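Nothing in this text is a laboratory measurement; each read-out follows from the coordinates by a stated rule. Fair warning: this is a prediction, and the values are worked out from it, not measured in the lab. Don't worry about glycine lacking a Cβ; one is built from the backbone with ideal geometry, like all the others, and counts go over all protein chains shown.
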Amino acid sequence: MFDRIEADGYEQVVYCQDQPTGLKAIIAIHSTSLGPSLGGTRFYPYPTEADALEDVLRLAKGMTYKAAVAGLDQGGGKAVIIGDPATDRSEGLIRAYGRYVDSLGGRYITAEDVGTTQADMDLIRRETRYVTGVSPALGGSGDPSVATAHGVRWAMKAVAARLWGDPELVDRRIVISGVGKVGTSLVGLLVEDGATVVVADVVPAAVARLVDRYGDRVGAVDVASAHTAPCDIFAPCALGGVLDSARIPQLGCAAVVGSANNQLADPSCAKLLADHGIVYAPDYVVNSGGIINISEERSPTGYHQERAYAEVRRIFETTARVLAVAGEEGVTTAEAADRIAERRIADMARVRQIRTFR
Ligand code: NAD
């Protein structure tokens with residue numbers, strides 16, 4: 001276990017158990033170099049504890065990079081509750097989990113993730129202040145997916161500026177695969193921008209709703225061929241792993257800019273995309289609007305939507321910088337994003353060695 005967590009530099013892994021409620025959770029803190037670790041709690045029926053551990057470690061490390069590249073004073077952490085949220089969730093279990101989060105004294109701040117809801121965050125809030133994504137009535141920022149969609153739009157504008165010398169998306173053809181919470185908000189924003197949008201989803205009703213709402217501004221394509229449709233930008237907004245060695249040669253787009261996490265099936269796919277002349281905006285840069293928004297809840301003056309969205313807008317500059325660094329240093333855009341994150345962590349570690357004697 002120590003060998004595993006040492007290799008990627010994890011600071012702390014905490015196992016939490018409460019037998020009466022059936023709580024079994026693992027909290028992984030990858031890094032607090034830039035600030036308290038922040039990341040969601042995933043509630044999922046992992047087949048084995050080893051699967052749960054691997055998932056929480058991988059996700060926690062990803063959060064360190066996401067927060068660092070987004071310019072936040074936050075570290076990376078994540079938590080998993082092992083179980084089926086449909087049958088195992090109870091007030092007792094969630095609040096017991098909240099007490100374990102509290103016991104870490106702010107080293108880990110939790111949020112919503114797959115399998116947990118805003119209502120769960122509200123329950124956790126009753127046990128600890130180290131939780132974000134609570135209801136607006138409790139001073140929270142609510143559902144992060146709208147902010148995430150805004151961030152995706154800013155990333156698309158940065159890519160458009162780089163590729164076509166103009167950030168405007170007017171008349172750009174954009175294919176969105178997955179029109180759930182983020183995808184649906186994104187469609188609205190892109191229609192406002194004057195883009196032509198084409199959507200795909202495994203749930204036909206989700207597609208029909210958007211086509212009905214926006215008329216000739218939004219078309220439909222089937223899920224299996226969405227990635228092959230000729231377009232300016234392909235936006236994966238559903239599951240991870242969509243960019244693999246089979247699909248990349250079939251892509252019909254000039255650029256990939258979407259909200260889905262872990263879009264690359266494996267790291268070598270970044271190079272494959274570049275070899276096919278496709279600009280890939282790294283997923284964790286593009287989809288950082290959600291975490292930027294919730295981290296605003298930590299502001300001493302509380303959450304303000306206007307300030308939060310101004311911060312989300314910085315995804316434009318961050319994406320532009322990633323594309324520029326990739327060009328200057330001759331690396332893939334994925335590698336460029338990692339380098340920017342690692343350099344910022346190292347820089348801030350040095351800055352914090354300056355002693356202030358207060
Ligand atoms: P969601 O569950 O609301 O929407 C996902 C949509 O994808 C659903 O409509 C679903 O029917 C559809 N879908 C599932 N499989 C599909 C497939 N094979 N092809 C096409 N569509 C498919 O999720 P969401 O909150 O909109 O998040 C979308 C993605 O963005 C996820 O990968 C998520 O991890 C990531 N993300 C979301 C946020 C956020 O703020 N919600 C933040 C960062 C990253």
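Quick one: net charge around G252, please, counting Lys, Arg +1 and Asp, Glu -1 for every other residue with C-beta under 13 Å from its C-beta. Value of the local net charge: +1. Between D113, D73, D266, the Gaussian network model of the chain with springs among Cα atoms under 10 angstrom shows the greatest mean-square fluctuation at D266.
Antiparallel versus total DSSP beta bridges in the chain: what percent is that, nearest 5?
Here the share of antiparallel DSSP bridges comes out near 30 percent.
Entry for region 129-185 at q = 0.13 Å⁻¹: log10 I(q)/I(0) = -0.48, Debye formula applied to identical alpha-carbon scatterers, no solvent contribution. Extension gain, D266 to E54: 0.36 nm times the residue separation minus the Cα-Cα distance gives 74.7 nm. Relative contact order of the chain: 15 percent, from C-alpha pairs under 8 Å at least 6 residues apart in sequence.
Excluding same-chain neighbours fewer than eight residues apart, the lysines reachable from K78 by a Cα-Cα span under 17 Å are K24, K61, K66.
Each of T64, I26, T48 was placed along the dipole of region 23-68 (beta-carbon charges, centred on the mean Cα), and the one lying farthest toward the positive end is T64. Tell me, what does the Kirkwood hydrodynamic radius of the chain come to in angstroms if you use every pair of distinct C-alpha atoms? Taking every pair of different Cα atoms in the chain, averaging 1/r and inverting gives 20.9 Å.
Among E11, E329, rank each residue by its count of other Cβ atoms within 10 Å, from fewest to most, as a rough exposure measure. Walk me through the intermediate numbers first.
Working: E11 19, E329 11.
Ranked by crowding around the Cβ, least crowded first: E329, E11.
Summing Lys and Arg as +1 and Asp and Glu as -1 over all other residues whose Cβ lies under 13 Å from the Cβ of G105 gives a net charge of +2. 3J(HN,Hα) along region 264-281, derived from phi through the Karplus expression 6.51 cos²θ - 1.76 cosθ + 1.60 where θ = phi - 60°, amounts to 7, 4, 8, x, 5, 5, 5, 5, 4, 4, 4, 4, 8, x, 9, 7, 10, 8 Hz, with x in place of Gly and Pro. Using Cβ point charges alone (K and R +1, D and E -1), the dipole size of the chain about the Cα centre works out to roughly 900 debye. Each Lys and Arg Cβ is given +1 and each Asp and Glu Cβ -1; about its Cα centre, region 201-358 then shows a dipole of about 800 debye. Seen from G241, the other residues with C-beta closer than 15 Å to its C-beta sum to a net charge of -2, counting Lys and Arg as +1 and Asp and Glu as -1.
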